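Contents: one structure, followed by commentary.
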Amino acid sequence: MGQKDISLVRYFEDRERYADPINGFVFKGKQVVDERDVLEMDSRVTGVFGKLRNRRMVQRYPDFVRKIVFGVNFAIVGLENQDKVHYGMPVRIMMEDAAGYDKQLRQIRRRHRRKRDLRGDEFLSGFARWDKVHPVVTICIYYGKKRYDGPKELCQMMEYGDLPENLKEIINNYRIQVLEVRNFENIDCFQTDLREVFGFIQRSGDKDAERRFTLENEERLKALDEEAFDVIVSVTGSVELEQVKENYREEGGKINMCEAIRGMIEDGRKEGIEEGKKEGIKEGVKKGQKEKAYLAAKICMSEDFRRKKLPVFWKRIWRRWRSGFGVGRRDRDRRIRLPDRVIF
């Protein structure tokens, strides 16, 4: 389990936070689910398909699974975190949900076997006419930067365009629910610090937008829980925020997000100034070297230089070749002979 997964698991362990995306995404901000309605349950979902030797075990581990109480009934709601588009997500979630239903069936069958209260067809199925299972729902929370362009229905993964219409009508579809964090418009429907977490993730990478969001939500960000801060750091991959975290820790484990953002921006500004100075010095040296070479070339190519200095220079070179550069006569004779006269 990576750092990002660990930070998200710790964050959604809080029941109030777990209820918040359900109220905000499913019920459009209406406070239907209270933290007291969120009950713990085993996150392992195991399904057994087939009989005897042909049985196939399917075990899934959703990121989070909780019982959500609605009056005298309840539903099983799971949260699946994704930072990359999963193009097979409808099948993946369908298998997890199916395994959740199968787990309920096995629990019901086990209860009937202990009571021995079923006969006939009910005995064969292990499921009475009055038995009911609880709904299983999974919400995929997508944190990625690109738009979620994966299929959100099972039928979108199928190639059935040439099939007969009558057959198309009986094909079972399976829809999934995807909460795209970076494109979720109404973050005000969230009541916990999930609002600040989603809001900052949406603006990550844009320093001006981060600063404006921080100033607009200064009071709420002054005392941000460490779990929320860790989610922001892990999802956005902000090394700067991770480095300044300990500098802005306050009593009770709270992190002053406002000061951390200001510190990060100020550090970035200082680094930018220093980097600019270094680049300026490098550019100045390069420019000076270019200007020096240009002036030297300009002097060398002047009329006076070509008329007076250049012939003398080439005469010296010719004389050195004729004298053999101070080497012995035998070695000098081996050299390529130059003409006796050089006309300039």
### Query
Given the structure, is Thr214 in contact with a helix residue (DSSP H, G or I) (Cβ under 8 Å, 6 or more places away or on another chain), over 21 Å from Arg147 (Cα atoms) and modelled with pLDDT of 90 or more?
no
### Query
So which residues in segment 1-38 are crowded, with 19+ Cβ neighbours inside 10 Å and under 16 Å from Ser234 (Cβ atoms)?
Ser7, Leu8, Tyr11, Phe12, Arg17
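Every residue in segment 188-199 that is aromatic (Phe, Trp, Tyr) and either outside any helix (DSSP H, G or I) or touching a residue at least 40 places away in the same chain (Cβ under 8 Å) (or both), please.
Answer for segment 188-199, where residues must be aromatic (Phe, Trp, Tyr) and either outside any helix (DSSP H, G or I) or touching a residue at least 40 places away in the same chain (Cβ under 8 Å) (or both): just Phe190.
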### Task
Take the residues in segment 21-40 that are in a helix (DSSP H, G or I) and either among the aromatic types (Phe, Trp, Tyr) or out of contact with any Cys (no Cβ under 9 Å at 6 or more places or on another chain) (or both), then tell me which one is nearest to Phe198 (Cα to Cα).
Pro21
### Task
For Val133, indicate whether it is closer than 18 Å to Pro21 by Cβ and touching a helix residue (DSSP H, G or I) at 6+ places or on another chain (Cβ under 6 Å).
no
### Message
Only one of Gly78, Gly161, Gly144, Gly150 is farther than 23 Å from Tyr18 by Cα and under 31 Å from the mean Cα position of the chain (by Cα). Can you tell me which?
### Response
Gly150
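Quick one: is Gln202 of a type in the set (S, T, N, Q) and free of Cβ contacts under 8 Å to residues at least 40 places away in the same chain?
yes
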### Query
Just checking, how many residues over segment 143-187 are part of a loop (DSSP other than H, G, I, E, B), of a type in the set (A, V, I, L, M) and exposed (fewer than 11 other Cβ atoms within 10 Å of the Cβ)?
1
### Query
Given (1) over 22 Å from Tyr142 (Cα atoms); (2) within 21 Å of the chain's Cα centre (by Cα); (3) not β-branched (Val, Ile, Thr), where does Asn256 come up short, assuming only one miss?
(2)
### Query
In segment 200-219, is there at least one residue being in the same structural domain as Ala19 (by TED's automatic domain parsing) and in a helix (DSSP H, G or I)?
no
### Message
On the basis of being loosely packed, with under 15 Cβ neighbours inside 10 Å and more than 22 Å from Asp63 (Cα to Cα), does Lys84 make the cut?
### Response
no
### Task
Specify the residue that is farthest from Ala19 (Cα to Cα); the eligible residues are those in segment 84-126 that are touching a residue at least 12 places away in the same chain (Cβ under 8 Å) and more than 44 Å from the chain's Cα centre (by Cα).
Arg113
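The values are calculated or read from the model by the stated rules, or taken from the named source; none is laboratory data. Computed from a predicted model, the values in this text were never measured in an experiment. Positions of Cβ are backbone-derived with ideal geometry, glycine not excepted, and every protein chain shown enters the neighbour counts.
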